[in-house]
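What follows draws every value from the coordinates through simple rules; no lab data is involved. Only a predicted model underlies this, so the values are computations on that prediction, with no experimental measurement involved. Counting neighbours? That spans all protein chains shown, and the Cβs are built from the backbone with ideal geometry, glycine included.
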Amino acid sequence: MVRVREMEEGDIEAVSAVRVRGWQAAYVGIVPQGHLDAMTVEDDADRRRQWFRHPGRESGDLVAIGDRGPVGWVCFGPSRGEVAGVTGRVGEVYALYVAPDLIGTGVGRELLGEAHAAMTGRGFETSALWVLQDNLRARRFYERAGYRADGAAQDDVYDDVTLSELRYRRAL
C-alpha cells in the first residue's frame, strides 16, 4: 500500500515522471501523439520547481509514497473560475496522476480522498475538476468518487487539435 503526505521539493523529479508518464499513457489516442512524445520529465520538473517555489501559491500538493518513492500526485486549491449555482467556497482538483502500472490499485482513490479532506479543512464545500471529454476511464473514476458533469465545457488546443473538457463537481 501507499501512504499520502504533503509534497516536498525533493519529490519534484518523481512527481514529474509520474505526471509525464501518466499523460503519455492516459491520453494515447486522445491528445495528438506528437504532443505526448515531446513531453519530457526534465521540462516538467523545471516548470514544477518554479511553480512550487512561487510565493503566495495557494495550491496544495499531496504525494502517494510507495516502496519505490512517489507513485502518485494530486494538486488542488481554490477554483480557477466561477461555478454557477453553487453557494459556499469551491475548490478544484487541478491534477491527479498515478504511475501507469498502478492505475486501478486504489492509489488514485486514496489521493483523491486525502485531497477532499484537505480541501474540507481549508473551508471548501464543493470540489470541481476538469476532465477531457474523451478520457472515459478518468470520467468513470471521478463518477465513482461522486462527481457529476455539471454542463460546463471548455476547449483546449494541443498541436492544432481542439479537445473538449467537461467540468465535474461534487459536494465535500
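Charge tally around GLU8: other residues with Cβ under 15 Å, Lys/Arg +1 each, Asp/Glu -1 each, net +1. Backbone amide hydrogens, once placed in the peptide plane, bring ALA95 within less than 5 Å of CYS75, excluding anything fewer than 5 places away on its chain.
Among VAL20, VAL90, VAL161, the largest mean-square fluctuation in a Gaussian network model of the chain (Cα springs under 10 Å) belongs to VAL161.
When the square roots of the Cα gyration tensor eigenvalues are ordered a ≥ b ≥ c, the ratio a/c for region 100-172 is 1.5 or more and a/b does not exceed b/c, which makes its shape oblate. Look at the Cα gyration tensor of region 1-89: its axes a ≥ b ≥ c give a/c of at least 1.5 with a/b at or below b/c, and that counts as oblate. When region 27-109 is described by a simple charge dipole with +1 on each Lys and Arg Cβ and -1 on each Asp and Glu Cβ, the residue from VAL74, ILE103, VAL31 located farthest towards its positive end is VAL74. Couplings 3J(HN,Hα) for region 156-171, derived from phi with the Karplus relation 6.51 cos²θ - 1.76 cosθ + 1.60 (θ = phi - 60°), are 10, 10, 10, 6, 6, 10, 8, 10, 8, 10, 10, 8, 10, 8, 7, 6 Hz, where x marks Gly and Pro.
Taking Cα centroids, how far is region 19-87 from region 95-115 in Å? Each part reduced to its Cα centre gives a spacing of 13 Å.
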